[in-house]
Amino acid sequence: MNPSPTLKGQAALVTGGDSGIGKGVALALAAAGAKVVVNFAHNQAAAEATVNEITAAGGETIAVQADVSQESEVKAMFAQMYAKYGTIDILINNAGLQKDSKFIDMTLEDWNTVIGINLTGQFLCAREAAREFIRRGVVDGLSRAAGKIICMSSVHEVIPWAGHVNYAASKGGISMFMKSIAQELAPHKIRVMGIGPGAIQTPINKAAWDTPEALNNLLTLIPYNRIGVPGDIGKLATWLASDEADYITGITIFMDGGMTLYPGFADNG
Ligand code: BGC
């Protein structure tokens with residue numbers, strides 16, 4: 001375990017904590033001393049594997065199933081969390097997916113599914129968390145804030161993405177969602193932030209890194225010349241949730257090896 005846990009005793013919920021970036025964040029928060037609810041939508045085996053990894057490292061955790069786009073399931077998930085840990089201190093609004101297609105071929109169903117999980121899911125979870133943060137207030141000795149919400153965005157919050165219009169629209173929406181609730185909740189001592197990952201090696205973008213050709217192609221978009229790993233995002237989320245970042249609210253931090261530097265302009269334009 002971390003010798004100086006910065007999140008000791010705090011209760012965290014990581015939506016989509018069973019795989020990818022969510023798993024990396026769940027492991028990092030637990031290593032920093034947080035009690036972690038690992039939410040999953042369908043893959044119970046993956047969620048249990050995450051829970052086992054955290055427990056083996058001496059952490060405290062449970063897995064809770066919920067589809068974050070469904071209000072009743074979100075409410076039931078928070079009820080389960082409160083039954084186990086009493087409250088919530090940190091929400092990692094992470095669950096998300098892609099349903100890619102050319103714009104003119106995109107079905108309404110694929111549009112609605114992506115907006116429902118990536119954007120409405122963040123609304124439903126943040127609203128529940130904010131209600132509890134305001135009800136409970138600051139807990140002396142635990143954290144200077146009454147609560148922290150971290151919204152997992154993407155570089156596609158600012159980089160347009162042909163063939164992924166539903167996904168990019170959901171991430172652009174997260175930016176204004178995050179800032180607007182940050183403005184509204186700051187007087188309650190609640191901090192709200194975004195993380196904008198670039199290409200992180202996870203199942204969501206396997207096709208972009210699982211052959212040498214694909215990876216070389218991807219690296220032309222990353223000036224720092226490496227693909228990210230979930231642990232990179234885990235470290236940032238842990239720091240943002242900690243009191244070390246107590247004066248930060250209402251911004252997205254991009255963690256992308258320079259993808260948002262538009263490297264195509266390095267020798268062009
Ligand atoms: C997407 C990945 C993609 C990355 C960089 C992420 O938000 O989910 O599929 O590789 O952005 O384009």
Potential lengthening between PHE265 and ALA49 on full extension [0.36 nm per residue; Cα-Cα distance subtracted]: 73.5 nm
Spatially near lysine pairs across the stretch 11-257, Cα under 21 Å, sequence gap of 8 or more or different chains: 25
Extension gain, LYS235 back to LYS102 (0.36 nm per residue minus Cα-Cα distance, nm): 44.4 nm
Relative contact order for the stretch 11-257, counting Cα pairs under 8 Å that sit 6 or more residues apart, in percent: 21
Dimensions (Å) - the chain, Cα atoms, principal axes, largest first: 54, 42, 39
Long-range HN-HN contacts of ILE190 with modeled amide H, under 5 Å: ALA146
Rounded to whole Hz, the Karplus (6.51, -1.76, 1.60) HN-Hα couplings of the stretch 199-215, x for glycine and proline: 7, 10, 6, 9, x, 4, 10, 3, 4, 7, 9, 8, 10, x, 5, 4, 5
Gained length - GLN65 relative to ARG135, 0.36 nm times residue gap less alpha-carbon distance: 22.7 nm
Expected 222 nm ellipticity per residue - DSSP helices of 4 or more, -39500 (n - 2.57), all of the chain, to 500: -12500 deg cm²/dmol
Anisotropy class of the stretch 110-167 from Cα gyration tensor, a/c 1.5 cut: oblate
List ARG127, ARG191, ordered by accessible area with a 1.4 Å probe, largest first: ARG127, ARG191
Solvent-accessible surface ranking, highest first, for VAL74, VAL165 at 1.4 angstrom: VAL165, VAL74
√(5λ) per eigenvalue of the Cα gyration tensor, the stretch 207-269, largest first, Å: 28, 17, 7
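The values are calculated or read from the model by the stated rules, or taken from the named source; none is laboratory data. Please read these numbers as outputs of a predicted model, since none were measured by experiment. To get the accessible areas, we keep the full protein, side chains included, count just its heavy atoms, and leave off ligands, DNA and RNA. Shrake-Rupley method; radii C 1.70, N 1.55, O 1.52, S 1.80 Å.
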